[in-house]
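The values are calculated or read from the model by the stated rules, or taken from the named source; none is laboratory data. Every value quoted in this text rests on a predicted model; they were computed, and no experiment measured them. All Cβ positions, even for glycine, are placed from backbone atoms using ideal geometry, and neighbour counts span all protein chains on display.
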Amino acid sequence: MAYLYQGKCLDTVQRLHESVAAACPPVSGNYSLQCTPSAAQVDIVATDIFSAATYASVLVPSQIPCDVSLLDQTAFFWQLAGVLVAGFAVRAIIKAFQ
């Protein structure tokens, strides 16, 4: 099963957690954030910039199912449309120079 995150289908929960952790901002307000992915969750350690106090929390991202074949088909049809447009453009250019 694949999981949807930011418009992409990710094939495993681990990859989902890695993507969520990679999108973690380095600084949020007065806190420095460090996000670490694991197989079950994303561990977040927030460090107060002024007092150096640390706070730990856990994020379990929503596992939204994603049909990989549907996204592949959509991408294929957009590529096919691009090839057709390019073909018609080349044909129009050839006719213009004749």
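Summary of values
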{"item": "Residue among Thr74, Thr36 that is farther than 17 Å from Gly7 by Cα and either of a type in the set (Val, Ile, Thr) or within 16 Å of the chain's Cα centre (by Cα) (or both)", "result": "Thr36"}
{"item": "Cβ-Cβ under 9 Å pairs, at least 6 apart or on other chains, segment 36-62 side outside the structural domain of Ala22 (by TED's automatic domain parsing), far side aromatic (Phe, Trp, Tyr)", "result": "none"}
{"item": "Residues of segment 5-38 satisfying the condition of being among the aliphatic types (A, V, I, L, M), at pLDDT 90 or above and over 17 Å from Ala56 (Cα atoms)", "result": "Val13, Leu16, Ala22, Ala23"}
{"item": "Tabulated pairs, segment 1-26, first within 13 Å of Asp43 (Cα to Cα), second surrounded by fewer than 19 Cβ atoms within 10 Å (Cβ to Cβ) and among the β-branched types (Val, Ile, Thr), C-beta under 6 angstrom, 6+ apart or interchain", "result": "none"}
